[in-house]
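One structure is given below, encoded as structure tokens.
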Amino acid sequence: MSDELDRVDAWWRAANYLSAAQIYLLDNPLLVEPLRPEHIKPRLLGHWGTSPGLNFVYAHLNRVIRSRDLDMIFIAGPGHGGPAVLANTWLEGSYGEIYPDAGFGEKGLRRFVRQFSFPGGVPSHAAPETPGSIHEGGELGYSLMHAHGAAFDNPDLHVACVIGDGEAETGPLAASWTSIRFVDAARDGAVLPILHLNGYRIAGPTVMGRMPDDALEALFRGHGYAPILVSGDDPARMHREMAAALDAAFDEIAAIQRAARTGEADPAATPRWPLILLRSPKGWTGPKEVDGAPVEGTHRAHQVPLPGVRENEDHLRQLEAWLRSYRPEELFADGVPNAEVRALSPEGTRRMGANPAANGGKLLRPLDLPELSMAEIEVPTPGAVQASANRALGLWLRELMRDNPDNFRLFGPDETESNKLDAVFEVSARKATGMIREGDVDLAADGRVMEVLSEHLCQGWLEGYLLTGRHGLFNSYEAFIHIAGSMFNQHAKWLRVSRDLEWRAPVAALNYLLTSHVWRQDHNGFSHQDPGFLDHVASKGAEVARIWLPPDANTLLQVARDCFKSRDRVNVIVSGKHEESQWLSPEAAKAHCAAGVGAWDWASDTGEPDVVMVCAGDVPTQETLAAVALLRAQLPDLGLRVVNVVNLMALQPPPGNPQGLEDERFDALFTTDRPVVFAFHGYPGLVHELTYKRRNHANIHVHGYRESGTTTTPFDMLVRNELDRFHLALAALRWSGRKDEAARRLERYCHDRLAAHEAHVRKTGIDLTEITSWRWPDRPN
């Protein structure tokens, strides 16, 4: 091998040694004395099988970065590849700069290997604690979409993404291969996928690992890639082939970008980006055989290939021989990588563990937020104006995209126009994924509206975009955001951990707009009716998750602006797209959103109420106010207070939610002993979960979605779930204890109108005019 590849091999051996040492060693990290059982961790946790392949790639990428002065980050997709990523960041010195007590030197090295998968230490995957990581690799399937999200609007960035062949079997990863068609070579960075085919999952062979080379190459040519195969188990030959493959790949990337950026490329043609197919044995360079069974190149290498080291002398001797095969005495002097190893490391922020793009908050520029006034709606009196809240938001997003041309993108399935956000197309088209044909609308090669019918891709792209220092919004049908629910879970956990790491700079919030929601999915039916994502989000706690239920356009605008200002948080905004009554002026909306929860005096009686009518969500607000108007018209002496909730998590008291309503404020709004009829957008149990510690919880009666859905009319959906105005009025009667003739008369009226509704929708298929034309009366009495 050349001197350059000798350095690559030395780095690889050092990283392999450190990876195995992290899994096994509690002490004696440099083998200065023979291994004894007390040097071994009592619980052996970690994954060896994928580590040597990841180390091989990382070492070779270092060579490329140095020779070409590339700006590059590394994404480790294979599950629990933490030992490798940690080993490489330790060797390059980025780990010790962040954690000096685990840096170079024998004491630091002892701390480094001991902490892995150990109480008080670090996880077995590339977690937030890992320098250079924007991708955990605990849950499989998201590496390639994170890589592309990082590359969007990052023209100088190269993202090396290693994909495990087990990970490649997941649905999200299978969809991710299409991400290549969303890259604009003129304005975006480049992603180099490296499919690591080591052949096995935890207990059996992988699908792609058993596919012949010609089938794999045909598959990826069909996806639009130019695959390059590197295959074998002889280190010297593999080093030569990998170096040649990477040089060819980065030459081609440079050529594609140069052609696009100089105008030489055919705008109608889609470039073939390189992809590397790397075949190497699972557990490469580890034990060949243990207890008579083959290990290297089999599923037995997946986790801990020598499981009984503390109890089995043969296993202990085999472990020592394995570790010494890397010749650590040549690689480390007193716990410091030798000069040959250090010579391969890039310098400063060119090190992948120190690249600021992988600590995106360092690069974060605040959005240039337009004034809300250009989209706000004048509301002379509550309910006097009908408008679409989402259409108003779309007007504001149009200006936001205009003012932030390289720092903000809109992500979602094929619903931007349907969700009434189509004003954004005045400043940016959809990203075209191929030739644009006559008749296509709002398509362009440089479009920043990212539409694809995969919630996984939308979420993953946005996460990669945010974690590398940008901003965005994901709009989706409410029922189908569950598809990406596990991804939300992983991101929320990432944020919770990173908030406690001083070296991780805060990143922009992940913002969802959930629309086409449960109460306006009457036409699509039961399959499209599910508000349960709110329960999942609330379970992560108010520290990292907020749920916003704006009742109208002006509150939606206020909420959106505040969400785009927030950091290290997930914001879920639920808003309907249809024209509805507008309740608050811009000034009133600003004050109401700042409070999060408040009484609407214009809809309430003065003094202490007999019943508190609470609403959270646009449709529940309309029905609550209709119920209040009905109650006040027929029972004018029944004292009512209307409370609207915009910030749902504010219902949770401190200390569970430090920003929640203090008990004194909650009691002032909800009282301590009066019945509360709560009309809620989602499942009733969530309100009870958030308020169960409140003094008046026993008197809170929640109406929400009861899993009663079908294809029907909008108002019938409400009736089926007893969230309509008549059931809310009946609930107020019941819990108020009123039993006089006026109350009985109102009760009969409500049941009569419900019966009339039932007969009308079954006959005509539409709601009663008295329902669809209802407006809040100026002076109900």
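The values are calculated or read from the model by the stated rules, or taken from the named source; none is laboratory data. Not measured: the values here are computed from a predicted model. Heads up, the Cβs are rebuilt from the backbone with ideal geometry, glycines too, and the neighbour counts pull from every protein chain shown. Please note that ligands, DNA and RNA were not included when accessible areas were found on the heavy atoms of the full protein model with its side chains. Shrake-Rupley method; radii C 1.70, N 1.55, O 1.52, S 1.80 Å.
Hey, does segment 718-737 have a residue that's β-branched (Val, Ile, Thr) and open to solvent by 10 Å² or more (accessible area, probe 1.4 Å)? Looking through segment 718-737, at least one residue is β-branched (Val, Ile, Thr) and open to solvent by 10 Å² or more (accessible area, probe 1.4 Å).
Can you say whether Gly141 is in contact with a Leu (Cβ under 6 Å, 6 or more places away or on another chain) and at pLDDT below 95, as far as the supplied structure shows? The answer is no for Gly141.
A count restricted to segment 769-779 and to residues that are over 42 Å from the mean Cα position of the chain (by Cα), open to solvent by less than 50 Å² (accessible area, probe 1.4 Å) and under 16 Å from Leu718 (Cβ atoms) stands at 0. Output the residue which, of all residues in segment 714-740 that are free of Cβ contacts under 8 Å to residues at least 24 places away in the same chain and basic (Lys, Arg), is nearest to Glu623 (Cα to Cα). Looking at residues that are free of Cβ contacts under 8 Å to residues at least 24 places away in the same chain and basic (Lys, Arg), I get Arg720.
Residues in segment 582-627 that are open to solvent by less than 10 Å² (accessible area, probe 1.4 Å), aliphatic (A, V, I, L, M) and in a helix (DSSP H, G or I): Ala589, Ala603, Val619, Leu625, Ala626, Ala627.
On the stretch given as segment 635-675, residues that are small (Gly, Ala, Ser), more than 10 Å from Gly596 (Cβ to Cβ), out of contact with any Pro (no Cβ under 8 Å at 6 or more places or on another chain) and touching a residue at least 24 places away in the same chain (Cβ under 8 Å) total 1. Across segment 655-695, the number of residues qualifying as hydrophobic (A, V, I, L, M, F, W, C) and farther than 24 Å from Ser575 by Cβ comes to 4. The residue that is surrounded by the fewest Cβ atoms within 10 Å (Cβ to Cβ), counting only those in segment 741-757 that are free of Cβ contacts under 8 Å to residues at least 24 places away in the same chain and either among the acidic types (Asp, Glu) or under 13 Å from Ala626 (Cβ atoms) (or both), is Glu741.
Please go through segment 399-432 and pick out each residue that is open to solvent by 40 Å² or more (accessible area, probe 1.4 Å), more than 24 Å from Ile180 (Cβ to Cβ) and not β-branched (Val, Ile, Thr).
Result: Arg402, Asp403, Glu417, Ser418, Lys420, Asp422, Glu426.
Filtering segment 403-420 for residues that are at pLDDT 95 or above, in contact with a Leu (Cβ under 6 Å, 6 or more places away or on another chain) and in a helix (DSSP H, G or I) leaves an empty set. Here Gly199 clears all of (1) small (Gly, Ala, Ser); (2) open to solvent by 20 Å² or more (accessible area, probe 1.4 Å); (3) closer than 24 Å to Gly79 by Cβ; (4) within 32 Å of the chain's Cα centre (by Cα) except the condition numbered (2).
Residue pairs whose Cβ atoms lie under 6 Å apart, separated by 6 or more positions or on different chains, with the first residue in segment 318-339 and within 19 Å of Asp3 (Cα to Cα) and free of Cβ contacts under 8 Å to residues at least 60 places away in the same chain and the second assigned to a helix (DSSP H, G or I) and open to solvent by less than 60 Å² (accessible area, probe 1.4 Å), do not occur. In the set (1) at pLDDT below 95; (2) surrounded by fewer than 17 Cβ atoms within 10 Å (Cβ to Cβ); (3) under 26 Å from Tyr477 (Cα atoms); (4) not polar (S, T, N, Q), Met435 fails one condition alone, (3). Annotation note: of Ile98, Ile65, the sole residue that is in contact (Cβ under 8 Å) with a residue 24 or more places away in the chain and open to solvent by 30 Å² or more (accessible area, probe 1.4 Å) is Ile98.
Consider segment 473-524 and keep the residues that are of a type in the set (Val, Ile, Thr) and under 14 Å from the mean Cα position of the chain (by Cα). The one that is surrounded by the fewest Cβ atoms within 10 Å (Cβ to Cβ) is Ile483. Would you point out the residue of segment 233-256, among those that are open to solvent by less than 20 Å² (accessible area, probe 1.4 Å) and either under 35 Å from the mean Cα position of the chain (by Cα) or small (Gly, Ala, Ser) (or both), that is farthest from Glu296 (Cα to Cα)? Of everything passing the filter in segment 233-256, Ile256 is farthest from Glu296 (Cα to Cα).
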